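Novice: Below is one structure. I have some questions about it.
The values are calculated or read from the model by the stated rules, or taken from the named source; none is laboratory data. Being a predicted model, the structure only gives us computed values, none of them experimental. Neighbour counts run over all protein chains shown; Cβ positions are idealised from the backbone, glycine included. For accessibility, only protein heavy atoms count, side chains too; no ligands or nucleic acids. Shrake-Rupley method; radii C 1.70, N 1.55, O 1.52, S 1.80 Å.
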Amino acid sequence: MEWLFLFHTSIIYFCHMNYESNAFHQTRVQLVKVLNATFKLNVEEEELQLQLTRKEFEGDVTLVIFPLAKKVGKNPEAFGAEIGSALQNQFNELETFNVVKGFLNLKLKDSFWMNEFLSIHNQANFGIQQQNSKERIIVEYSSPNTNKPLHLGHLRNIFLGYSVSELLKANGHQVTKVQIINDRGIHICKSMMAWKLFGNGESPESSGLKGDKLVGKYYVVYDKQFKLEVEQLVADGLSKEDAELQSAIAQGAREMLIKWEQKDEETLALWNKMNGWVYDGFQVTYDTMGVDFDKLYYESDTYLLGKEWVMKGLDRGVFFRKDDGSIWIDLTDEGLDQKVLLRRDGTAMYITQDIGTAMLRFEDFPDTSFQIYTVGNEQDYHFKVLFKVLKKLGVAQAERCFHLSYGMVELPEGKMKSREGTVVDADDLMNEMNQVARQVSEEQGKLEGLSSEEREALHKMIGMSALKYFLLRVDPKKNMLFDPKESIDFNGNTGPFIQYGYVRTQAILRKVDFEIDQNPIHDLSPEERDLIQKIVEFPQVLQDAQKGFNPSLVAVYAYDLVREFNTFYQNMSILREPDAAKKGFRLKLTEKVGEVVKNAMGILGIQMPNRM
RNA sequence: GAUCUCGUAGCUCAGCUGGAUAGAGCAUCUGCCUUCUAAGCAGACGGUCAGGGGUUCGAAUCCCUUCGGGAUCACCA
């Protein structure tokens, strides 16, 4: 019973039967009864403002009285007390209530929470839904150029895209993960030209360099040579502009692009060879990251289709041609500008390719109900234009495209700049994280009995969790800061902290070599209540996170849950508890916490170790 | 110049469609390992929510404005 909605503001809402926890739901129902019967208020369920009771007050659920008091013209505090007493008479699950200012705090009985827990405990993978949607959602992420290796910005992009995909799946959607690879254009021709001139046949095999690094190296070689030539030509009396045009290596690169478009055999062979190196290199990086794709798209396959559609638009009169031959769309009545769609020389641009790619995807997956582009917020304007273009071309799915726009990762000095060498390389960073994980693990010395392979795998798991969590715990929409000088923390609000909590649950469960007592218990400690209440929130968190395409909510939730568990763990006995029923209950609680933490972190693409 | 975004503790970040005394982590300081893994727990310190107006029972949150960062407005991608 769920479907997708889109408003023309391009903000989308995934609408469900709006989920809320049983505690909220029951309280709401009872409150409406009382308010309508006893106080003749005629309120609807939705208009009651319920919230979790803040820690400093006694209670579980809080009703905000102000709006209701206003309605009947009563003093909020007095009215709250009246509602509380009336509720007490008929709501069986209510233990006590108290009123503070305009807030009615309701405390539910331990038996209620106990039953909540038992019903949850019986659900395998609580909160995670089986696929229940026939329609497909396409999630695009990564979209690299093939002339240089992946960097920190890509890491945020890729972890985010992967995580949103997992989040959608956890909410029951069918997801297809795609990557668009920008494999053609002047950028790769530059690397090719430099390699041809200075490479002496260097290959990943001959040099031991990772393929993407090798091609990236020649991109830098190109840039150096280009600058050198320009400098020389300027010294010879040319203007900078002319010098840039006449630079031999630049001319070579442009000629290569033309030859490529003419399908020149030798050029294509070189292009295939060098792109192949890059793909091999990328694959290594993706493997380390632990992400994958269901289908790959290459711009070399889609730019021609894009051109075709631009011509179709021209025929249909939704685009127009200027005197110089370039083709445009006029979006001034939409509050945007006129935009070029095809150059005067007829060659494709960025947006031309994107039109083609979109069209190809709709052909490949006619059952697509929604498409998500994970691309940085510097391209907000581009995607506004793209979606308008698709709409003008009469593509129904244009209404169902969404730009998942995320903020930049900035360094203390500001934006990463490849020319200034301030780019944080993805492989280097991941490697460094694993080193730190190894160092910390060795200091802790808790890994006796594990083989060196097992240890390596563990270090990687821990290092990656630190990195992924660091990037995913921040609201995707916001820019964030990464300081390479301070390595990412392993304590506090971090991935390893959460893994550690999980490891504790498993360490305890491993020791259970007896029949767990199934008898119910009748009173709960504050720690146990808090923990149950936290677990119960999980489905709500998944729903909210999906609504905003915001995995950081899941990250924060996992952290909060583990913190609650640590408090419980550190203040109560589990295996040493003498009362068999209590011990049994605490073990079940521990088990459920482990499951939920693992599933929550799984949505972030973070694995849980069994020991560390 | 136009449009968009952000400004919360020394630092990095939470704060949901307006609700209680604005919360975490890091850093600094104090306790807690003969008891289930101390990558932990308990506590202290730390705030004019950039400034100013407005809307109302109530504003970090909504509106206006000033200041200060960032992004975009290419026949680049």
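Novice: Considering only protein heavy atoms, with the full assembly of protein chains and a 1.4 angstrom probe, order A:Ser573, A:Ser111 by accessible area, largest first. Spell out each step's value before the answer.
Specialist: Values: A:Ser573 40, A:Ser111 60 Å².
So, going from the largest accessible area down, we get A:Ser111, A:Ser573.
Novice: A follow-up question, please. Order A:444-457, A:584-597 from most to least packed using the mean count of other Cβ atoms within 10 Å.
Specialist: Per-residue Cβ counts within 10 Å, averaged per peptide and sorted highest first, yield A:584-597, A:444-457.
Novice: Quick check on chain A: of the DSSP beta bridges with both residues there, what percent are antiparallel, nearest 5%?
Specialist: Details: 26 of 49 bridges.
Looking only at bridges with both residues in chain A, the antiparallel portion is about 55 percent.
Novice: What is the set of long-range amide H partners of A:Leu341 at a cut-off below 5 Å, with H atoms built 1.01 Å from backbone N?
Specialist: A:Ile327, A:Trp328, A:Ile329
Novice: While we're looking at this one, here's another question. Keeping all protein chains in position, work out how much accessible area A:Asp324 exposes to a 1.4 Å probe, and write it in Å² to the nearest 10.
Specialist: Only protein atoms counted, so the area is about 80 Å².
Novice: Once the Cα atoms of helix A:526-536 and of chain A are each reduced to a long axis, what angle between those two axes, in degrees from 0 to 90 to the nearest 10, is obtained?
Specialist: Taking Cα atoms only, the helix is inclined about 50 degrees.
Novice: Hey, which aspartates and glutamates would be in cross-link range of A:Lys71, C-alpha to C-alpha under 14 Å, not counting anything within fewer than 8 residues on its own chain?
Specialist: Those aspartates and glutamates meeting the cut-off are A:Glu44, A:Glu47.
Novice: For segment A:464-551, which chymotrypsin sites (Phe, Trp or Tyr not before Pro) are both in a DSSP coil and crowded by at most 16 other Cβ atoms within 10 Å?
Specialist: Working: sites: A:Tyr469, A:Phe470, A:Phe482, A:Phe490, A:Phe497, A:Tyr500, A:Tyr502, A:Phe514, A:Phe549; in loops: A:Phe482, A:Phe490, A:Phe514, A:Phe549.
Of the chymotrypsin sites (Phe, Trp or Tyr not before Pro), the ones in loops of segment A:464-551 whose Cβ has at most 16 other Cβ atoms within 10 Å are A:Phe514.
Novice: Return P(r) of chain A (all Cα-Cα pairs; 20 Å bins starting at 0; whole %; ordered from short to long distances).
Specialist: Result returned by the calculation: 16, 42, 29, 11, 1.
Novice: Next question. Given q = 0.18, 0.19 Å⁻¹, what are the Debye log10 I(q)/I(0) values for segment A:105-169, with equal point scatterers placed on the Cα positions and solvent ignored?
Specialist: Debye curve over Cα of segment A:105-169, log10 I(q)/I(0) at q = 0.18, 0.19 Å⁻¹: -0.82, -0.85.
Novice: Additional query: Taking all protein chains as present, what is the carbon and sulfur share of the accessible area of segment A:479-575, in % to the nearest whole number, probe 1.4 Å? Working shown, then result.
Specialist: Numbers: 2010 of 4280 Å².
About 47 percent, which is the carbon plus sulfur part of the accessible surface.
Novice: Tell me what chain A gives for mean residue ellipticity at 222 nm when only DSSP H runs of n ≥ 4 count, each as -39,500 (n - 2.57), the sum divided by the residue total, rounded to 500 deg cm²/dmol. Provide the component values of the computation, followed by the final result.
Specialist: Working: 21 runs with 323 residues, N = 612.
One gets -17500 deg cm²/dmol as the mean residue ellipticity at 222 nm.
Novice: Same structure again: With a 1.4 Å probe and all protein chains kept in place, how much accessible area does A:Val234 have, in Å² rounded to the nearest 10?
Specialist: In the full protein context, A:Val234 sits at about 60 Å².
Novice: For chain A, what is the accessible area per residue in Å² when the probe is 1.4 Å?
Specialist: Numbers: 28720 Å² over 612 residues.
Here the residues of chain A average 47 Å² of exposed surface.
Novice: Report, in degrees rounded to the nearest 10, the 0 to 90 angle that the Cα long axis of helix A:495-510 makes with the longest principal axis of chain A.
Specialist: The answer is roughly 50 degrees.
Novice: Where does each of A:Phe57, A:Phe159 land when they are ordered by accessible area, with a 1.4 Å probe and the largest first?
Specialist: On the way: A:Phe57 85, A:Phe159 5 Å².
I get A:Phe57, A:Phe159, largest accessible area first.
Novice: Additional query: Where the accessible area of segment A:397-478 is counted over protein heavy atoms with a 1.4 Å probe, how much of it, in %, is carbon and sulfur? Don't skip to the answer; put the middle values down first.
Specialist: Numbers: 1930 of 4210 Å².
Its accessible area is 46 percent carbon and sulfur atoms.
Novice: Using the Karplus curve 6.51 cos²θ - 1.76 cosθ + 1.60 with θ = phi - 60°, work out ³J(HN,Hα) for each residue of segment A:148-160 in order, rounded to whole Hz, and write x for Gly and Pro.
Specialist: Couplings: 8, x, 6, 10, 3, x, 4, 4, 4, 4, 6, 4, 5 Hz.
Novice: Can you work out the Karplus-derived ³J(HN,Hα) for every residue in segment A:256-264? Use 6.51 cos²θ - 1.76 cosθ + 1.60 with θ = phi - 60°, whole Hz, and x for glycine or proline.
Specialist: Using θ = phi - 60°, the values come out as 4, 5, 5, 4, 4, 5, 8, 6, 4 Hz.
Novice: Roughly how many percent of the accessible protein surface of segment A:260-321 is carbon and sulfur, given a 1.4 Å probe and a whole-percent answer? Kindly include the intermediate steps, with their values, before the conclusion.
Specialist: Working: 1560 of 3230 Å².
Carbon and sulfur atoms account for 48 percent of the accessible area of segment A:260-321.
Novice: Related question: For segment A:38-69, list residues with backbone N below 15 Å from a point placed 7 Å from the Cα of A:Asn18 toward its Cβ?
Specialist: Once the point is set 7 Å along Cα→Cβ of A:Asn18, A:44-52, A:64 turn out to lie under 15 Å by backbone N, inside segment A:38-69.
Novice: Using only the Cα atoms of segment A:171-251, build the gyration tensor, take square roots of its eigenvalues as a ≥ b ≥ c, and label the shape rounded, prolate or oblate: rounded if a/c is under 1.5, else prolate if a/b is larger than b/c, else oblate. Show your work: numbers first, answer last.
Specialist: On the way: a/c = 3.99, a/b = 1.80, b/c = 2.22.
It is oblate, given that a/c is not under 1.5 and a/b is not larger than b/c.
Novice: Excluding residues fewer than 8 places away in the same chain, name every one of the lysines whose C-alpha is closer than 20 Å to that of A:Lys392.
Specialist: Output for A:Lys392: A:Lys307, A:Lys312, A:Lys322, A:Lys339, A:Lys384.
Novice: Taking all protein chains together and a probe of 1.4 Å, list A:Asp294, A:Asp425, A:Asp333, A:Asp223 from the most accessible to the least accessible.
Specialist: A:Asp333, A:Asp294, A:Asp223, A:Asp425
Novice: Quote the accessible area belonging to A:Lys417 in square angstrom, nearest 10, computed with a 1.4 Å probe and with ligands, DNA and RNA left uncounted.
Specialist: The accessible area comes out at roughly 100 Å².
Novice: Sticking with this structure for a sec: Quick check: Cα centre of segment A:415-474 to Cα centre of segment A:169-225, how many Å?
Specialist: Between the Cα centre of segment A:415-474 and that of segment A:169-225, the gap is 24 Å.
Novice: Can you pick out the pairs among A:Lys107/A:Lys592; A:Lys415/A:Lys485; A:Lys210/A:Lys478; A:Lys190/A:Lys417; A:Lys217/A:Lys273; A:Lys148/A:Lys227 whose Cα atoms lie more than 26 Å from each other?
Specialist: Going by Cα-Cα distance, A:Lys210/A:Lys478 fall outside the 26 Å limit.
Novice: Any chance you could give the angle, 0 to 90 degrees and rounded to 10, that helix A:538-547 forms with the longest Cα principal axis of chain A?
Specialist: Its long axis makes an angle of about 30 degrees.
Novice: Which of the aspartates and glutamates could be linked to A:Lys134 by a straight reach, that is with a Cα gap under 15 Å, when you skip same-chain ones fewer than 8 residues away?
Specialist: In chain and number order, the partners are A:Glu2, A:Asp367.
Novice: Lys and Arg at +1, Asp and Glu at -1: add these up for the other residues within a Cβ distance under 13 Å of A:Val64 and post the number.
Specialist: Values: positive: A:Arg28, A:Arg54, A:Lys70, A:Lys71, A:Lys101; negative: A:Glu47, A:Glu77.
Net local charge, A:Val64 excluded: +3.
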